[in-house]
Structure formats: C-alpha cells, structure tokens
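The values are calculated or read from the model by the stated rules, or taken from the named source; none is laboratory data. If you're wondering where the values come from, they're calculated on a predicted model, not measured in any experiment. Here the Cβ positions follow ideal geometry from the backbone for every residue, glycine too, while neighbour counts run over all protein chains shown.
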Amino acid sequence: MIYPFFAPPPIMGFVGTDASGTKGNISDRSSREWCAEALTRLNAGRPESALDAARRAAELDPSAEWAHRLISLAHERLGRDADAVPAAELAVELARGSWPARLRLAAILRRVPGRWQEAVEHATMAGRFAPEEPDPDVLLGDLDLLRGDHAHAGRAYEAALAVGPEHPQARVNLGLALLRWDRPRPHHDPAWPVDPRETGRARRALEVWARQIRLVVALATVAIGLCALLLDWGAQAQLGGFAVLALLVPLTVRQARRVGVWSYVPGMFGRDPWLGAAVVSAVLSALAFAAWLLLGAMPARPSAFDPVWAGLAGIVVLGWPALAAVRALAEAWRGRPLRALKEFARAGPGERAARRNLRVTLWILLARTWSVLVPLVGGALAVEPRAAVAAVAVPYPMVRGYLRARAAVSPEGVQQGDQRSDRWLHAATGLVVLCAVASAAGGALGSAWAWRIGLGALGAAVLLFVARSALAWWRGGPGPWRSSLLMCDLPMGSAPSVALDTEVRQTFSYARSIVLAYGDSFGPRVAGAVASVTSSGELRVIAETEAWEAIEADPRVAVFAADPLQRRFWVEVRGIALADSDVLRVTPKHVLVGEFPGRHQRR
C-alpha cells in the first residue's frame, strides 16, 4: 500500500478547532497542519494571514522546508521579493533534493537583478529531480518567454503539456509564445545585472527625447510654412526655425543626463527595435529639418531642389505618423494568432488571463483582416472591380477564430466587464464581415450602393476601434492592443513535502538489511547501504563508491529497508540523492510501505 504522506492534511477535524478549522483553540496543531492552513489562506488570497501561519509552522519545526517555502511564497505575493529569497534558500538547504524547493527558489530569483542564471540552474535541476512533473518545464518556458526567446519557450511549454495536458499556465503562455508576445519592459534583459528601474529610466528619457524632438520640429515646420505662405513672413519664419534648431540642444542635453546606463543602450535597442526606431526617427527628423531650413535659406535655389525641399518637409511632418502606422501593421502580422487562440481556448473559461488574451487575439485577427481588405478593395476599385469578389473569403480565418473563442468561453464564466468588451468586438467583427460581403457584391453586380456600404463599413470599423481604444485609455483598462496580453503567473513551489511517519522511521531504525537502488548506463543496479533518518525527514545513506558516480549522473534512487523477523515491515523510499561530504542525502518523493506475508500465507 502507498501512504499519501505527500498530500496536505484536511482542514476540518484539526485538534482544537471548530468545523471551519480556523476558530477555537488552535495551539495543538502540528507544523504540517499549520503549513496546510497557510496554503489554504494563500489560495484564498490572504497572503498576510498565510505568512503568520507559515511562520508558526516554522517555529514548531525549524527543519520543515515546506514551511519556509510557504514563507517565501507569502512574501512574494505581498511584493517583498527581497524577504522571499532567504526563506527559499533555507528551504533548499534543508532539502537539497526537493524539486518544489528548487522551483520556489528559481521563481523568486528571477525577480532579483543579477541572479537570473541561478534561477535557470535551479529550474533545470528541478526538472532533473522530477521529470514527471510539468511545473519545472513551465518555469523554464517562462524564463525563456521573459527574455523574448519564443522558440525555446514554446518547446518548453509543449514538453510540460506532454506531461500535464491540462496545465493552464502552460496553455496560456504557449499562446503568448505563438503570438511572439513582448513583456511590458521589452527593452530590459532580465539576465542583466543592472536594476530594471535604471534601464527603465533610461528608456523613458530616450522616449521623451524622441517624442519632444519629433513634435517640436514637426510643429515648427508647419508654422514656418504657414507664416511664409499666408503672412509673407518667410525671412522671419526661417530665423525662428534656426532658433528652434538651437532649442533642440538643451532638450538633448537634459534627457541625455537622465539616461545614466549608456553601456546598456545598444542592448536596449536590440531587444526593443521600436525604441531604436523612435530614436533614429527623431535624429532623422532633426537632420531633415536642418536641411530643409538650409535649402529654404538659399537665395537662388534651383528648381530641381524643390522636390527635395518638399520631401524633407514630408519626412519631418509625416515621419512620426508613418512610423506609428508601420508599427501597428507589423504588430498585427506578428505571430500565429489562430494557434494561439486554440491554446487560450483549451486553458478553460475559468482562467482570467486566457479570457483576456482571447479577446485581444481576436482584435489582432480583426486588424489583420482589415489590413488585407483595404488594399484588396482599393485595388479592385482602381483596376478591376470584379476582383473584389475575392474579398468574401478574407474574413474566414477571423470568423473561424471568433467562433472558436465563443465556444470556449461559457456565458457563466464571462464577467460583466468582459461582456461590455465583447459587444465592441461583436460590432467590429460584424462590420468587417459586412465590408467583405458588400464589396464582393459590388464587384460582382456592379452595384454602387454595395460599394458604398462596403467602404462605409470599412471606415466604421476603424472608428469603432478608435472609440474602443479611447474608452480603454480613459478607464485605465485593457485595450484592443498587444500590450493588453496577460502572462499567466501562478505560484510555484507550494507543493507539500513528503513526510516520514513514525512507522517508517522505526523500520529504518530496526532494519536488518538496507538496499540502495539506482541506475547507470547499463540499467538498474542495487547495492548494500547503511541509512538513518534525520529530524527533517531526509535519509543519510552510506554506500559504495561506484554508486556515487552513477548517482551524480541520475540522482533518482530508491532505498529499501526490511526487518522480516521482528516487525515484518518493508519500506521503500523513492527520492533524490545528492552527495554531501561522505554521505548521500536522500530527499523523499514517494514512500511505499508493505508487510511481509505470515506463515499461513506462505506455500
């Protein structure tokens, strides 16, 4: 039989409590019972109360690594990352072979600047210790996703889903990897030792500088042109333009002082190309503005320079809107939204991040469909109207994804705010479909009204998107854009530890034979050993040298203890063995207990 030592004890029925398990005299609870209570409070969204319960568990049994993991998790939920690290490190020290402890430490170290590589190492080690668990692969996928390595992240999530097909975090974040999602601070590499707040200040300074430069030169260009054409103040306007050009110097110096971490700026541009594009666009706008002023100041400018002069003005005035349009189009065509929709839908209607990502992905599909209809309908009007018949097939992927999303989210799982957002999405989807059908009818039948309806629906879809975006901006909520995509980040490393009860401890104490089973390149091996149980529930095993070399390659072992003459019990502890001085420290993962048959059972 298998004793479920790894399962948390039920809350009801604790000694000294009432039926709720939270009132009355609770001084008789054991350390593991307090850990179970702390986990219940964490799941109920009460991290402060959970921290108190976990601390009581640690006071009753300082060697209980589960209690220290829960302390770390409660601190993390409270936003105290610096306080969460020591507790997680202590849990690993108490149970070096515990995969939940390694996972907990990796999950918190990824938030500490300069310790990213340690987080990767601990998560990898957790995967070695528990290849049958999906959580280590999920965390490795999260680490890759946060660094923007979408290909490796996708493979890690697929490996996790092969072990646990219903894992919601793997489903949601795999969808983000398929969409090539960028986290809120794409300019910062989490593996950099620098504090992300410093690179954030640098990015803010660069963005503000680029915005100021482009806006100032664009307004100056328009103002100079109006003064020269309408008021005949050409010379005065040009002098004012050179004054504006001189004004750019203090603006540049002021923002340059705020950057601070100039050595990281090239890396920031590499990780966030749109930040680099904004800075380059500002530089080009300033240079184009200066060249435009110089050409305009020439006393006898040849007429051949007129197109150049007008083109420079166009770069200054229209460069910013053009870059914004290119970015919107590029983000709409980035990733694989149909496959992402499938993953979000399989995560279940109860997952909040999946519901939000479903809606945002549908808006992305809507933008793709709209961007295809515009050149198709425009080209048909300009060249061959009958070519617009192909427009009827354009919305098919969008409608397919829309129906899949509607089937995945039940009405009961949709909140009131989600329903309001869905109404905007329904209307925009209907307008795009109407545009495709009406344009196809106009091309096939030559109906002017069909063309008007199609073009009107195309424009109305844009207005609807703008209105939905403005409403989201005004309310401070998620909008129909990529930055509203939400990463699923469930707590890691809260799984209960495996305890050895009194019967198991006594079996090891009185055992007449102890066998260590391990594996090497030739298959399973066994060796005689000497073992003892520590107060923290670890096994300390002394075995032959050959076993040590194999265990370094594969730390998964089983320790078998039997005393058939006196107690007639046998115990098998399966766990992770790590070398520590002259002994092997075995952290239990599963415990099996059995009894040898009596004489009447023998034949």
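Does Glu166 satisfy being in a helix (DSSP H, G or I), of a type in the set (Asp, Glu) and either touching an Asp or Glu at 6+ places or on another chain (Cβ under 7 Å) or not assigned by TED's automatic domain parsing to the domain that holds Lys342 (or both)?
Values: in a helix (DSSP H, G or I): no; of a type in the set (Asp, Glu): yes; either touching an Asp or Glu at 6+ places or on another chain (Cβ under 7 Å) or not assigned by TED's automatic domain parsing to the domain that holds Lys342 (or both): yes.
Considered against the rule, which asks whether it is in a helix (DSSP H, G or I), of a type in the set (Asp, Glu) and either touching an Asp or Glu at 6+ places or on another chain (Cβ under 7 Å) or not assigned by TED's automatic domain parsing to the domain that holds Lys342 (or both), Glu166 comes out as no.
For segment 62-90, a tally of residues being crowded, with 22+ Cβ neighbours inside 10 Å, in contact (Cβ under 8 Å) with a residue 40 or more places away in the chain and under 24 Å from Ala579 (Cβ atoms) returns 5.
Conditions tested, residue by residue: (1) without any contact (Cβ under 8 Å) to a residue 40 or more places away in the chain; (2) within 15 Å of the chain's Cα centre (by Cα).
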position: Glu121; (1), (2): yes, no
position: Arg128; (1), (2): no, no
position: Pro136; (1), (2): yes, yes
position: Leu145; (1), (2): no, yes
position: Arg155; (1), (2): yes, yes
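When we screen Trp274, Trp320, Trp292, Trp363 for residues that are touching a Pro at 6+ places or on another chain (Cβ under 8 Å) and touching a residue at least 40 places away in the same chain (Cβ under 8 Å), the only hit is Trp363. The condition of being over 25 Å from the mean Cα position of the chain (by Cα), closer than 23 Å to Asp182 by Cβ and at pLDDT 90 or above does not hold for Trp363. For segment 529-566, the set of residues classified as over 44 Å from the mean Cα position of the chain (by Cα) and either surrounded by 17 or more Cβ atoms within 10 Å (Cβ to Cβ) or at pLDDT 85 or above (or both) consists of Ala529, Val530, Ala561, Ala562, Asp563, listed by residue number.
Every residue, every condition in (1) over 30 Å from Arg355 (Cα atoms); (2) part of a helix (DSSP H, G or I); (3) aliphatic (A, V, I, L, M), yes or no:
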site: Thr252; (1), (2), (3): yes, yes, no
site: Arg258; (1), (2), (3): yes, yes, no
site: Phe289; (1), (2), (3): yes, yes, no
site: Ala322; (1), (2), (3): yes, yes, yes
site: Glu343; (1), (2), (3): no, yes, no
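Taking every residue in segment 572-591 that is without any contact (Cβ under 8 Å) to a residue 24 or more places away in the chain and pairing it with any residue that is in a strand (DSSP E or B) and of a type in the set (Lys, Arg), at least 6 positions away or on another chain, the pairs with Cβ-Cβ distances below 8 Å are Arg574/Arg556; Arg574/Lys589.
Could you check, for segment 443-452, whether at least one of its residues is of a type in the set (D, E, K, R) and modelled with pLDDT under 85? Please lay out each step first, then the result.
Residues of segment 443-452 of a type in the set (D, E, K, R): 452.
If we keep only those that are modelled with pLDDT under 85 as well, we get none.
No - not one qualifying residue is present in segment 443-452.
Just to verify a result, which residue in segment 197-245, among those that are among the basic types (Lys, Arg) and exposed (fewer than 15 other Cβ atoms within 10 Å of the Cβ), is nearest to the chain's Cα centre (by Cα)?
Quick first cut of segment 197-245, residues among the basic types (Lys, Arg) only: 197, 201, 203-204, 211, 214.
Remaining after also requiring exposed (fewer than 15 other Cβ atoms within 10 Å of the Cβ): 197, 204, 211.
On the way: Arg197: 19, Arg204: 22, Arg211: 29 Å.
Looking at residues that are among the basic types (Lys, Arg) and exposed (fewer than 15 other Cβ atoms within 10 Å of the Cβ), I get Arg197.
Note on segment 440-471: residues that are basic (Lys, Arg) and surrounded by 14 or more Cβ atoms within 10 Å (Cβ to Cβ) total 1. Specify the residue that is surrounded by the most Cβ atoms within 10 Å (Cβ to Cβ); the eligible residues are those in segment 472-486 that are in contact (Cβ under 8 Å) with a residue 40 or more places away in the chain and in a loop (DSSP other than H, G, I, E, B). Going through the qualifying residues, I end up with Leu485.
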